[in-house]
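Peer 1: The structure is given below, and queries will be raised subsequently.
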Amino acid sequence: MKIALFEGKMGIVPKYALPEENWSEDLLLAQRVISTPARLAIVGYLYTKGPTLRATLIKELSLDTSLVGRNLDQLEDLGILIGDPPRGERVGRSTRWEVNKDRYNRMAKALYDFLGIDLLQPQSKRDPKDG
């Protein structure tokens, strides 16, 4: 991962990490989904609870109306969420949002592979003495 350096009051410091050129589309999606707490909360809620209306997301996640709306649109553009009815047919109807499970599973696999986590192997428990 590349780090962008910026000069500030503290001198030259890393500001944020940039993705590598060889990152897969699925890994880039994971980076975009987990980049903000709101996106992560929305995708996590929809994955566990299933199709949900925007108003329910706002209430259950205690998030601002415009924040939820903006993130739903962005997540739909990324292909991780599916709206019913589809965009362009939403006049006067409430949209039910759900996770695109195929896209989600590919994204999760790419992230786990990148982190070196094998889902088939049980994770060893750390010894509390190791800190």
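Peer 1: Residue check, residue 60 against (1) touching a Phe, Trp or Tyr at 6+ places or on another chain (Cβ under 8 Å); (2) at pLDDT 95 or above; (3) surrounded by 14 or more Cβ atoms within 10 Å (Cβ to Cβ), all met but one. Which one?
Peer 2: (3)
Peer 1: If you take the residues in the range 43-76 that are part of a helix (DSSP H, G or I) and charged (D, E, K, R), which one is nearest to residue 102 (Cα to Cα)? Lay out the reasoning, then the answer.
Peer 2: Keep residues of the range 43-76 that are part of a helix (DSSP H, G or I), which gives 43-49, 54-61, 65-76.
Filter once more, so that each one left must be charged (D, E, K, R): 49, 54, 59-60, 70, 73, 76.
Values: 49: 16, 54: 22, 59: 27, 60: 25, 70: 23, 73: 19, 76: 14 Å.
Checked the range 43-76; the qualifying residue nearest to residue 102 (Cα to Cα) is 76.
Peer 1: Next question, about the same structure. Just need a number here: residues in the range 77-120 that are in a helix (DSSP H, G or I) and acidic (Asp, Glu).
Peer 2: Start the filter on the range 77-120 by keeping residues that are in a helix (DSSP H, G or I), which leaves 77-78, 101-115.
Restricting the remaining residues to those that are acidic (Asp, Glu) gives 77, 102, 113.
Counting residues in the range 77-120 that are in a helix (DSSP H, G or I) and acidic (Asp, Glu) gives 3.
Peer 1: Moving on to the next point. Hey, can you tell me all the residues within the range 58-92 that are of a type in the set (S, T, N, Q) and more than 12 Å from the chain's Cα centre (by Cα)?
Peer 2: Within the range 58-92, the first condition is being of a type in the set (S, T, N, Q), and the residues that meet it are 62, 65-66, 71, 74.
Of everything in the range 58-92, those that are of a type in the set (S, T, N, Q) and more than 12 Å from the chain's Cα centre (by Cα) turn out to be 62, 65, 66.
Peer 1: When you go through 83, 88, 116 one by one, which is the residue that is exposed (fewer than 11 other Cβ atoms within 10 Å of the Cβ) and under 20 Å from residue 70 (Cβ atoms)? I'd like the intermediate steps shown before the answer.
Peer 2: Numbers: 83 fails: exposed (fewer than 11 other Cβ atoms within 10 Å of the Cβ); 116 fails: under 20 Å from residue 70 (Cβ atoms).
88 is the lone residue from the list that is exposed (fewer than 11 other Cβ atoms within 10 Å of the Cβ) and under 20 Å from residue 70 (Cβ atoms).
Peer 1: Of the residues in the range 61-79, how many are under 18 Å from residue 107 (Cα atoms) and either touching a Pro at 6+ places or on another chain (Cβ under 8 Å) or among the aliphatic types (A, V, I, L, M) (or both)? Talk me through it step by step, then tell me what you get.
Peer 2: Filtering the range 61-79 for residues under 18 Å from residue 107 (Cα atoms) gives 71-72, 74-79.
Filter again for either touching a Pro at 6+ places or on another chain (Cβ under 8 Å) or among the aliphatic types (A, V, I, L, M) (or both), leaving 72, 75, 78.
Final tally of qualifying residues: 3.
Peer 1: Let me ask something else. Hey, can you tell me all the residues within the range 35-55 that are surrounded by fewer than 17 Cβ atoms within 10 Å (Cβ to Cβ) and free of Cβ contacts under 8 Å to residues at least 24 places away in the same chain?
Peer 2: Correct list: 35, 37, 40, 44, 48, 49.
The values are calculated or read from the model by the stated rules, or taken from the named source; none is laboratory data. The structure presented is a predicted model; accordingly, all values stated were derived computationally and were not measured. All Cβ positions, glycine included, derive from the backbone under ideal geometry; neighbour counts span all protein chains shown.
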